[in-house]
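In what follows, a single structure is set out as structure tokens and then discussed.
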Amino acid sequence: MLTAGLPPGVAHCLLNDLARRVYDRAERFSHGQRVSDLIAGYDAIIIDGSPTHDLLPGMAIARYGRHQIRLQQLVWPDQQGRFPWDSGYRFAPQAQPLIAQI
């Protein structure tokens, strides 16, 4: 799981929360799944995709091989709850590069 465009401390907390759900509750996430209890007052969305130039999990690829990893991204909304693929999304595309579109 990865995320992009957030301050490192925020990203670390969100990804650790998701990792605890996987480890403690055997929770699994699917492409397009909304997660409503991760960011206070907002939904986040999980997307599946392949590594890109902007989002390359180099350590995972080095350890397991490019074709042995399943890559997912936590996508966060703007203050109005819009996502990068929604009309009117507040941030420029490079603020949150994506591994796929939903």
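Scanning the stretch 7-36 for residues that are in contact with a helix residue (DSSP H, G or I) (Cβ under 8 Å, 6 or more places away or on another chain) and either assigned to a helix (DSSP H, G or I) or under 22 Å from ILE61 (Cβ atoms) (or both) yields ARG28, PHE29. Checking each residue in the stretch 63-75 for being of a type outside the set (Phe, Trp, Tyr) and without any contact (Cβ under 8 Å) to a residue 60 or more places away in the chain picks out ARG63, GLY65, ARG66, HIS67, GLN68, ILE69, ARG70.
Looking at VAL35, VAL75, just one residue is surrounded by 14 or more Cβ atoms within 10 Å (Cβ to Cβ), modelled with pLDDT of 95 or more and out of contact with any Ser or Thr (no Cβ under 9 Å at 6 or more places or on another chain), and that residue is VAL35. Tell me, please, whether a residue that is over 14 Å from the mean Cα position of the chain (by Cα) and at pLDDT 95 or above can be found in the stretch 2-20. There is at least one residue in the stretch 2-20 that is over 14 Å from the mean Cα position of the chain (by Cα) and at pLDDT 95 or above. One residue stands out in the stretch 58-72 among those that are among the hydrophobic types (A, V, I, L, M, F, W, C) and either within 23 Å of ARG28 (Cα to Cα) or buried (at least 16 other Cβ atoms within 10 Å of the Cβ) (or both): the one that is nearest to the chain's Cα centre (by Cα), namely LEU71.
Note on the stretch 25-45: residues that are free of Cβ contacts under 8 Å to residues at least 24 places away in the same chain and aliphatic (A, V, I, L, M) total 2. With respect to (1) over 13 Å from MET1 (Cβ atoms); (2) surrounded by 11 or more Cβ atoms within 10 Å (Cβ to Cβ), the lone exception for ALA44 is condition (1).
Among the residues of the stretch 63-102, the one identified as assigned to a loop (DSSP other than H, G, I, E, B), farther than 16 Å from ASP48 by Cβ and aliphatic (A, V, I, L, M) is ALA92. A single member of ASP78, ASP48 is touching a residue at least 24 places away in the same chain (Cβ under 8 Å) and on the phi < 0 side of the Ramachandran plot, and it is ASP48.
The values are calculated or read from the model by the stated rules, or taken from the named source; none is laboratory data. Just so it is clear, the structure is predicted and the values come from calculations on it, not from any experiment. Neighbour counts are summed over all protein chains in view; Cβ atoms, including those assigned to glycine, are modelled from backbone coordinates with ideal geometry.
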